[in-house]
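This report concerns only the one structure given below.
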Amino acid sequence: MIYYYLPGFITAYSAWSLASVPLGFIAGALLLSATVAIPGYMSHYCREFDAAEIYDPFRALRRCMQGGIAYWHAWLIALSALAISFVGLLALGVGFLITSVWFWQVAGFSFASVLTQRFGLGVH
């Protein structure tokens, strides 16, 4: 994931150092693109264990876009689960240990379901 976020972080640091708003917008776009692309390699990598899946962010991003509306629906589910997981903080913070694990399971299942169906990853 560092590989995906590094260009955005470098650009963000440059934007901050130079006090450049346009560069800040570019950094934001790079960081957002990295976030969107990560599920595009995760499911394929977990299926094949081929490191080449990790090091092609453009292929990962393309796969996400090919997921269509179902991919964005998975994001909606994942972000909703993230928001709900913070309810665990009400149990003196200890509940968050449980709800945060639940969130990762929901997010992983949502993205894996979409990408598995779209790219036939469940077929042996």
Query - region 115-124: number of residues that are in a helix (DSSP H, G or I) and either farther than 16 Å from His73 by Cα or of a type in the set (Val, Ile, Thr) (or both) - result: 2
Report summary line: Filtering region 59-77 down to residues that are surrounded by fewer than 17 Cβ atoms within 10 Å (Cβ to Cβ) and either more than 14 Å from the chain's Cα centre (by Cα) or not hydrophobic (A, V, I, L, M, F, W, C) (or both) yields Arg59, Arg62, Gln66, Gly68, Ile69, Ala70, His73
Requested in this report: Would you check if Tyr5 is modelled with pLDDT under 95, part of a helix (DSSP H, G or I), touching a helix residue (DSSP H, G or I) at 6+ places or on another chain (Cβ under 8 Å) and outside the structural domain of Ala107 (by TED's automatic domain parsing)?
Outcome: no
Report task. Being under 28 Å from Ala29 (Cα atoms), of a type in the set (Gly, Ala, Ser), without any contact (Cβ under 8 Å) to a residue 24 or more places away in the chain and part of a helix (DSSP H, G or I) narrows it down to one of Ala78, Ala112, Ala52, so name that one. Result -> Ala52
**Report entry** Residues within region 85-117 that are within 20 Å of Thr35 (Cα to Cα) and either at pLDDT below 90 or aliphatic (A, V, I, L, M) (or both), tallied
**Finding:** 6
Query raised in the report: Taking region 79-93, which residues are exposed (fewer than 13 other Cβ atoms within 10 Å of the Cβ) and over 14 Å from Trp104 (Cα atoms)?
Result: Val87, Leu90, Ala91, Leu92, Gly93
Report summary line: Leu92 passes all but one of the listed conditions (1) on the phi > 0 side of the Ramachandran plot; (2) in a helix (DSSP H, G or I); the exception is number (2)
Report summary line: Scanning region 6-44 residue by residue, the ones that are surrounded by fewer than 16 Cβ atoms within 10 Å (Cβ to Cβ) and over 11 Å from the mean Cα position of the chain (by Cα) total 15
Report summary line: Of the residues in region 80-97, those that are among the hydrophobic types (A, V, I, L, M, F, W, C) and either in contact with a Gly (Cβ under 6 Å, 6 or more places away or on another chain) or within 18 Å of Gly68 (Cβ to Cβ) (or both) come to Phe96
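The values are calculated or read from the model by the stated rules, or taken from the named source; none is laboratory data. Because the structure is a prediction, the values reported are computed rather than measured. We place every Cβ from the backbone using ideal geometry, glycine too, and count neighbours over all the protein chains shown.
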